[in-house]
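Q: Structure in structure tokens, see below.
The values are calculated or read from the model by the stated rules, or taken from the named source; none is laboratory data. Remember, predicted model here, so these are calculated numbers, not experimental data. All Cβ positions, glycine included, derive from the backbone under ideal geometry; neighbour counts span all protein chains shown.
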Amino acid sequence: MSYIHFKSVYNVNYDKITFDGVSLTLSQLKKLISEKSKFVKQLDFDLEISNADTGEGKSDEFFFIEFSF
């Protein structure tokens, strides 16, 4: 089981998404965040992820997020 911490502009604190596997696409992550946050208009938001160490950001919905342990 893997997890990602995320924060939206509406929240002060981070929330956590858990999922099976070691990778997912940005569009899959967007769907999980939408379900977790109970957004009224699901998937009607922009999502960008960034590397906390380098600051490099990605917003391509087909970008694969892979985790190493």
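Q: Which pairs turn up if I take residues in segment 38-57 that are farther than 13 Å from Lys7 by Cα and look for partners that are surrounded by 13 or more Cβ atoms within 10 Å (Cβ to Cβ) and at pLDDT 65 or above with beta carbon separation below 6 Å, at least 6 apart in sequence or on another chain?
A: Gln42/Ser34; Leu43/Ser34
Q: Regarding Phe69, is this residue loosely packed, with under 10 Cβ neighbours inside 10 Å and modelled with pLDDT under 75?
A: yes
Q: Select from segment 34-50 the residues that are of a type outside the set (A, V, I, L, M, F, W, C), on the phi < 0 side of the Ramachandran plot, modelled with pLDDT of 70 or more and not in a helix (DSSP H, G or I) and list them in ascending order. Walk me through how you get there before you give the answer.
A: Filtering segment 34-50 down to residues of a type outside the set (A, V, I, L, M, F, W, C) leaves 34-38, 41-42, 44, 46, 48, 50.
Now narrow it down to the ones that are on the phi < 0 side of the Ramachandran plot: 34-37, 41-42, 44, 46, 48, 50.
Imposing the further condition that a residue be modelled with pLDDT of 70 or more reduces the set to 34-37, 46, 48, 50.
The answer is Asp46, Glu48, Ser50.
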